Amino acid sequence: MMENLILECKGLKKSYGKKEVLRDINLTLESGKIYGLIGRNGAGKTTLLSVLTAQNPATDGEITINGEKVWENEKALNNFCFSREIMAGTQNAIASMKGKDYLKAASIYFPYWDEEMAEELIKEFELDVKKPMVKLSKGMLSMITIIIALASKAPFTILDEPVAGLDVFMRKKFYQLLLDEYTKTGRTFLISTHIIEEAADVLEEVIILHDGKILLKENTQELIQRSFRVSGLESEVKKAVKGLETCSPERTGRGMGITVMLKEGETIDDTCDVTIQPVSLSDIFVALCNEKEGTYEK
C-alpha cells in the first residue's frame, strides 16, 4: 500500500489579469480515496488541477504535500501524475509522434512507471500505438491518457475528463480498471468528469466547484442519502421544508419543487401534502449551482 500522504491547499487564488479564476480555495485530500471534481464549463476545474500539480503557478495561497511546498520541489512532484486531454492537431508538436513514443516519454518522466502494466493496458484497449498521434481518434487519445495515469503508479493520480470520446463499454472498462488498481495499491485518484452518474458509484468523495469556489466536499453516498426533492402546492412545500436549507426552487402555477439537503437531526415534515423523492448526484450538482432559495424560518 502507498505511503500516507496529505495534499493541502490554503487560501489558493488564481487570476489571469483582472479575471479571478480560483477564489479562496481551501482543500485537503487524503491518501487512499477516489475523489471526484465536478463543475460547469469554465468553473475552474482544469486550472485547479494544474495549480495543484505545479503545472501552473498560483497567484496566492499555498499548496503542500505532507507539509512540503509543491512548487519547484522535485521530491514532492514525484508523487503526482496529472493526466489531461491530449491535443494532437496537425499544428501541434506531438502530431507526428507515434503513440508508443509518447508513452516512452511518459515512462522516462514518471519515477514509478510500470512498463508491464502499460503493455497490458495497450492490449486491453486494443490500441495501435504505432500510429502517429494525429491519426488517433479522440477516444484513442483518451486511452493513452488513461494508460499514462494508471501505469505512472503515482501516489496522487489526477485525471481530467479521462473518458472523453470513449463509448459506454470502454467507460465501464476504465472504471473497473481504476477500481482494481485502487484496491491493489491504495493510490489516491482525483477525477474530473462531466459524466457524473457513471462515476457516482466509484467516487468516495465529491468536490463541487462553481464560479471558482468550492461549494461542497463530502462523502458521495452520504450526500445522496440526505438529499431530496420536495414538490407539491407551494404552500404545502413551504410548510414541509420550514427551517431547512433549500435550493433550486422551481414554480409552475401554484405548484413548487425544491431541493433539500438535510443536516443531522433534521427531517422533512411528511404530514404535509407533498411528494418527497430521492435525487441523483447530477441532480444535486444542478441544484447547488442554481441560486439558493434560502431557509424557510420556523
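Miscellaneous remarks
- Considering only the chain, percent of DSSP beta bridges that pair antiparallel, nearest 5: 70 percent
- On full extension, the segment bounded by residue 100 and residue 172 gains 23.5 nm, given 0.36 nm per residue less the C-alpha separation.
- Approximating the spin labels as points 7 Å out from Cα along Cα→Cβ, the residue 3-to-residue 20 distance works out to 3.6 nm.
- Relative contact order (%) - segment 226-295, alpha-carbon pairs under 8 angstrom, separation at least six: 45 percent
- Mean Cα-pair separation over length for the chain, i.e. relative contact order, pairs under 8 Å, 6 or more apart, %: 19 percent
- Stretched out straight at 0.36 nm per residue, the stretch from residue 75 to residue 197 would grow longer than its current Cα-Cα span by 40.3 nm.
- Reachable aspartates and glutamates from residue 184, criterion Cα separation under 20 angstrom, eight or more residues apart if same chain: 3, 30, 114, 115, 116, 119, 120, 124, 201, 204, 205
- For the chain, calculated [θ]222 nm from helices alone, where every DSSP H run of n ≥ 4 adds -39500 (n - 2.57): -8500 deg cm²/dmol
- Compared with the alpha-carbon gap, the fully stretched path from residue 277 to residue 184 is longer by 29.8 nm at 0.36 nm per residue.
Read-outs: derived from the displayed coordinates by stated rules, not from any lab. Source: prediction; values computed, not measured. Counting neighbours? That spans all protein chains shown, and the Cβs are built from the backbone with ideal geometry, glycine included.
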